[in-house]
1. Return the pairs, sorted by first residue and then second, in which the second residue is in a strand (DSSP E or B) and among the aromatic types (Phe, Trp, Tyr), the first residue lies in the range 257-275 and is closer than 27 Å to residue 229 by Cβ and in the same structural domain as residue 207 (by TED's automatic domain parsing), the beta carbons are less than 7 Å apart, and the residues are 6+ apart or on different chains.
2. Please go through the range 110-138 and give me each residue that is surrounded by 24 or more Cβ atoms within 10 Å (Cβ to Cβ) and among the aromatic types (Phe, Trp, Tyr), ordered by number.
3. Taking the conditions exactly as written (in the same structural domain as residue 264 (by TED's automatic domain parsing), of a type in the set (D, E, K, R) and at positive phi), does residue 210 satisfy them or not?
4. Scan the range 215-239 for residues that are in contact with a Pro (Cβ under 7 Å, 6 or more places away or on another chain) and part of a helix (DSSP H, G or I) and jot them down.
5. May I ask you to say which residue of 147, 97 is of a type in the set (A, V, I, L, M, F, W, C) and at pLDDT 95 or above?
6. Could you tell me whether any residue of the range 168-178 is outside the structural domain of residue 383 (by TED's automatic domain parsing), of a type in the set (A, V, I, L, M) and in a helix (DSSP H, G or I)?
7. I'm checking my understanding of the structure. Among residues of the range 278-295 that are aromatic (Phe, Trp, Tyr) and surrounded by 17 or more Cβ atoms within 10 Å (Cβ to Cβ), which one is nearest to the chain's Cα centre (by Cα)?
Amino acid sequence: MTVWSDLDPESARRVKEQAWRDYAEYVNPMKVRTLKSAGLDIMEARREGAAVWDVTGRRYVDCITGAGSFNTGRRNPRIVEALKQALDELDIGVFLIASKAKADLAKRLAEITPGDLKWTMFGVGGGEANDYAIKLARGFTMKTEIISAVKSYHGHTGFSLSAIGREAYQKPFLPLMPGFRKVPFNDPQAIENAITDDTAAVLLEPVQGEGGINVPDDVYLPAVRDICDRHEVLLILDEIQTGLGRTGRLWCSEHYGVVPDIMTTAKSLGGSLYPIAATVFREGLGDFLIANPFIHLSTFGGSDLGAVVALAVIDYILENDLPAHAARMGERFRAGFDTLVDRYPAILREVRQKGLMMGLQYTDDSLGPRMSYQLAQHGVMAIFTGNDTSVMRLMPSLVIQPEEVDEVLNALDLAMAGIMRQEEK
């Protein structure tokens, strides 16, 4: 394994170039071409807090963070130490066998998740967590229909792929799982109209991530909760991007006073160090598992190492009150965004934001890739959302500091000024 800090600049450059060539040949040449065109031909070396360093030594504030996978920062020392200690005596464990690490994490999740959510099924990633949520809803209700939202994103695995709201991800794999219906987001009446006698659940992101950082009205989720209750339909909330402090509360649903029947979490639960996901649900839904205790298996899901890391992540978030910090840093960003909207109306149309889940709506589809390139030139890693290239998603680590917020805002200012100069030529 290459230790970048041991290399002189010229050696690091050569190793980086060879790694890019190997990636293009053995992984995906089009991905390499796309990243380079967006100015993101970065080979991450040192990682710390809200920043990463390219092997050349250049520092970037990371606003990509794997769509919110690094809430506690890059290589958080406390979480690294927890993993190191766990490695002295643990491995992944056996999914079918109970362990103290898994039991401790499930109990902790029951304590910190909204309302009466209590039981947990562990997995590896967000798509798997949503897969299980859908399986549980269908298995418990003995109904087949799942309602999700247009522009939603829930993962690329079997059931999850059928639930996402972008046909481009689905078309190569038709036919998909039957029984999935899409309705407009932020429209409770559309959900009510779509429910039938065979509807098992409604699956929503509290704020749509890949869809363009779409923040609903304050009345939307409470209205959906009421509709689900009246029709005896389960409500699944996908908090994989929005959870663990991202929006200024530990769980985004807390902003709206809504408790789902099933909730999924992943990404930052693994502290950017060890993948783990969880589907947490009301105890009553466990009746399905009493009859089918081994209905869902995941060899690496809820590994003992992952559980130890997740417990350290939760402790760090709560002890440092990262949700409140995210809210404060979000307000600082918002003040800067408002200035940019006034200064660059030809580029920046709208700001969408909940805490540190932020989206910049540009005036043209081409501006997403162009802004990614410009920002990279000014030391910021950022990219447009998967479902809308005109919206740039900014999701820095929740440990970002005020001076780093200002650094991102200054980079945005310089990037937009650079694009304006290009337009004038």
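1. What qualifies is 261/281; 262/281.
2. Once the filter is applied, which keeps residues that are surrounded by 24 or more Cβ atoms within 10 Å (Cβ to Cβ) and among the aromatic types (Phe, Trp, Tyr), the range 110-138 yields 122, 132.
3. The answer is no for residue 210.
4. Keep residues of the range 215-239 that are in contact with a Pro (Cβ under 7 Å, 6 or more places away or on another chain), which gives 220-221, 223-224, 227, 235-237, 239.
Correct list: 220, 221, 223, 224, 227.
5. Only one candidate passes the filter, namely 147.
6. Of all residues in the range 168-178, those outside the structural domain of residue 383 (by TED's automatic domain parsing) come to 168-178.
Now restrict to residues that are of a type in the set (A, V, I, L, M): 168, 174, 176-177.
So of that shortlist, the ones also in a helix (DSSP H, G or I) come out as 168.
Among the residues of the range 168-178, at least one is outside the structural domain of residue 383 (by TED's automatic domain parsing), of a type in the set (A, V, I, L, M) and in a helix (DSSP H, G or I), which makes the answer yes.
7. 281
Residue-wise test of (1) crowded, with 19+ Cβ neighbours inside 10 Å; (2) in contact with a His (Cβ under 8 Å, 6 or more places away or on another chain).
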| residue | (1), (2) |
| --- | --- |
| 386 | yes, no |
| 391 | yes, no |
| 409 | no, no |
| 415 | yes, yes |
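The values are calculated or read from the model by the stated rules, or taken from the named source; none is laboratory data. Fair warning: this is a prediction, and the values are worked out from it, not measured in the lab. All Cβ positions, even for glycine, are placed from backbone atoms using ideal geometry, and neighbour counts span all protein chains on display.
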